[in-house]
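Since the structure comes first, as structure tokens, the remarks are kept for the end.
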Amino acid sequence: NDTLHTEDRRRCAEYGRRLRARTDRDGIAECLADIREWLDLDEMLLLDSSLSYNDLHTIAVGHDPVWLNLYMREGFVHIDPIVNAIIEGQRLFPRRPLIQPQPDRPAANGSSLNPLMRRLIETAKEFGRPAHGYAGGEIVDGRFLFLSAPSARSCTDDRRFRVLGTLFPSLMRALSRRSNASKDANLSRRETHMLELLAEGFSDAEIAENLAISQATVRFHLQNLFQKMHSD
């Protein structure tokens, strides 16, 4: 059943109005805190980034800043299947099917599991990251907009998913308004490296292998690179 109960619809409408009315960080964070408590989520995180460690803007409640800093610094964002799913066009989805560790077996070409993926799985276990919950996002003007709503407790029905699906557009618009992304055309170190590999004739797959990241992330960065190079 895709229909929300009357009280859930009322609260979604209320939070939608609040998110449209508040453009300040604290106001959006207060709304996230209320949604988090209402849906019994461990965290609520909105993230705006170009997937670069030094380019990260967040609005969050209940999150672990140490984990987030490590996640970006170690480059886990470039291999995370949740991030890849968003780059490939998924908007909102349950987290669990996407973060289950895969068996450590040789790939078709005989190579083992990507070392960065292995470290992501191991580090997530060390930090006790929740296995359940929801995630989603979209790409807007070359920016990666991300919603993370993890939960240690699985939900026996999809009510929370339906509620977040209703609120998702308002959450993305609020995050987009808060974005202070620079219009500077300077290329990042990773983009410069990709440009050099492209000039040498490397394919997307070869660039991904060279940088130990996913092809979806390569395409995201290349899109940003071309936009910068052709901007006025």
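The values are calculated or read from the model by the stated rules, or taken from the named source; none is laboratory data. Please read all numbers here as calculations on a predicted model, not as lab measurements. Reconstructed Cβ throughout: ideal geometry from the backbone, glycine too, with neighbour counts over all protein chains shown. Surface areas here come from the heavy atoms of the whole protein model, side chains and all, with no ligands, DNA or RNA. Shrake-Rupley method; radii C 1.70, N 1.55, O 1.52, S 1.80 Å.
When the criteria are applied in full, R22 fails the requirement of being more than 22 Å from Q215 (Cα to Cα), basic (K, R) and at pLDDT 95 or above. Look through the stretch 180-199, keep the residues that are surrounded by 10 or more Cβ atoms within 10 Å (Cβ to Cβ) and not in a helix (DSSP H, G or I), and return whichever of them is modelled with the lowest pLDDT. Out of the qualifying residues, it is A181. When the stretch 153-179 is filtered for residues that are within 16 Å of the chain's Cα centre (by Cα) and either on the phi > 0 side of the Ramachandran plot or outside any helix (DSSP H, G or I) (or both), only S179 remains.
Looking across the stretch 122-177, the residues that are among the aliphatic types (A, V, I, L, M) and open to solvent by less than 10 Å² (accessible area, probe 1.4 Å) come down to A135, L145, L147, A149, V163, L164, L167, L171, M172, A174, L175.
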